[in-house]
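A short worksheet on the structure shown next.
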Amino acid sequence: MAKEDVLILAIESSCDETAAAVVKNGREVLSNVINTQIDIHTLYGGVVPEIASRKHIENINPVIEKALTDANVTLDDITAIGVTYGPGLVGALLVGVAEAKAIAFATKKPLVGVHHIEGHISANYVENPTLEPPFAALVVSGGHTHLVMVNDYGKYEIIGRTRDDAAGEAFDKVARAVGLGYPGGPKVDKLAKEGNPHAIKFPQAHVDDSPYDFSFSGIKSAVLNYINECEMKKIEINKANLVASFQNAVVEALVSRAMRLVDERKIKKLAIAGGVASNSALRAAMQEACAERNVEFYSPSPKLCTDNAVMIGSAAYYDYCNGVRHGYDLNAVPNLKLGERI
């Protein structure tokens, strides 16, 4: 390892994945370990925060040990410790933050708290070595839908956000309503491939005073109303057509606002990020819209779209280079805003 190389030990525990990774210079992945709790939470139809926190406590030490072993490094080789401190489930976040503080204290290494959404955006740096700010980013996950200008590393300008449900939340609720279960996003994506995306016309909400903002509660309600109406009239529901039409409405809402920003600001680079960024219909539609405008399109591979520590390691590297350091009083901030430093 060259003297100037920066190795980040990154920890992510904001929801139901206990993850650790070792990332070199913000872009090179030396290890990536994820312990998922999907099977456990599937029994309950969604993430149970108390169970998630307990599982993080059980898993975090073995996950970190494996990340160091896989990377063939020890804590002595690590430059700094990066950890997600918000937003997310407060109990789950606390496990990762406490672990990171303990390691930083014991090793006398710098501690860098990372914003979870900054992490998702930074996942694009790992697999796209040429991507550098400025660029536009659409972050779409279970808890967040943001349209962002990445003006520089660690410098973000929020252009639009959801006024109610996040896109991923709408996917989960619709999946539950049609009996697909949890997690909803991948199951809707799979079934939608068998359906006609234009079979049912669902409404798209437009926020009059904020053309870049999103609203997905109306689409979700329209799907639930459609299901109720069919059940009352004893009409058999074509589930594939239903979820394909729902997915199409969500994708149109996301792509149209992103392209409006691209057109108005003459942006040449657009990236997508977050769990819903692994949705095949969204990726294809965004790729096509960018190609029509001669805009470079970036997306992480699906395994880096869902929660992972690699993205936290990348974001932590750029924060570290920008001089961000946290003390041992770092706390979990479940509603941390993008661009906010605590």
**Fill in**
Checked the stretch 149-170 for anything touching a Lys or Arg at 6+ places or on another chain (Cβ under 9 Å) and under 14 Å from G274 (Cα atoms); matches are E169
**Condition met for I237 (touching a residue at least 40 places away in the same chain (Cβ under 8 Å), assigned by TED's automatic domain parsing to the domain that holds G142 and assigned to a loop (DSSP other than H, G, I, E, B))** = yes
**Prompt:** Considering only the stretch 308-342, how many residues are acidic (D, E) and either at positive phi or out of contact with any His (no Cβ under 8 Å at 6 or more places or on another chain) (or both)?
**Reply:** 2
**Asked** Restricting the search to the stretch 322-336, which residues are surrounded by 15 or more Cβ atoms within 10 Å (Cβ to Cβ) and part of a loop (DSSP other than H, G, I, E, B)?
**Response** V324, L330, N331, A332, V333, P334, L336
**Message:** Show me the helices (runs of 4 or more DSSP H) entirely contained within the stretch 279-321 in which 3 or more residues are free of Cβ contacts under 8 Å to residues at least 40 places away in the same chain.
**Reply:** 280-292
**Asked** Among the residues of the stretch 261-296 satisfying the criterion of being under 22 Å from the mean Cα position of the chain (by Cα) and of a type in the set (K, R), which is farthest from Q204 (Cα to Cα)?
**Response** K269
**Item:** Filtered residues of the stretch 216-242 (kept if surrounded by 20 or more Cβ atoms within 10 Å (Cβ to Cβ), more than 22 Å from the chain's Cα centre (by Cα) and of a type in the set (V, I, T))
**Value:** V223
**Asked** Does T36 count as under 29 Å from D172 (Cβ atoms) and surrounded by fewer than 22 Cβ atoms within 10 Å (Cβ to Cβ)?
**Response** yes
**Asked** Residues A92, A52: which one is over 25 Å from D319 (Cα atoms), surrounded by 15 or more Cβ atoms within 10 Å (Cβ to Cβ) and under 21 Å from the mean Cα position of the chain (by Cα)?
**Response** A52
**Asked** For the subset of the stretch 100-134 comprising residues that are among the aliphatic types (A, V, I, L, M) and more than 26 Å from P302 (Cβ to Cβ), which member is surrounded by the fewest Cβ atoms within 10 Å (Cβ to Cβ)?
**Response** A106
**Asked** Is the stretch 177-198 home to any residue that is in the same structural domain as L282 (by TED's automatic domain parsing), touching a residue at least 40 places away in the same chain (Cβ under 8 Å) and of a type in the set (V, I, T)?
**Response** yes
**Fill in**
Among the residues of the stretch 149-169, the number that are modelled with pLDDT of 90 or more and of a type in the set (A, V, I, L, M) is 4
**Prompt:** If you scan the stretch 152-185, which residues turn out to be under 27 Å from A315 (Cα atoms), among the aliphatic types (A, V, I, L, M) and not in a strand (DSSP E or B)?
**Reply:** A166, A167
**Message:** Where the second residue is of a type in the set (S, T, N, Q) and assigned to a strand (DSSP E or B) and the first is at pLDDT below 95 and surrounded by fewer than 24 Cβ atoms within 10 Å (Cβ to Cβ) and lies in the stretch 1-17, which pairs have Cβ atoms under 6 Å and are six or more apart or on separate chains?
**Reply:** E17/T36
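The values are calculated or read from the model by the stated rules, or taken from the named source; none is laboratory data. Keep in mind that this is a model prediction, so the values were computed, not measured. In this analysis, Cβ positions are derived from the backbone assuming ideal geometry, glycine residues included, and neighbour counts consider all displayed protein chains.
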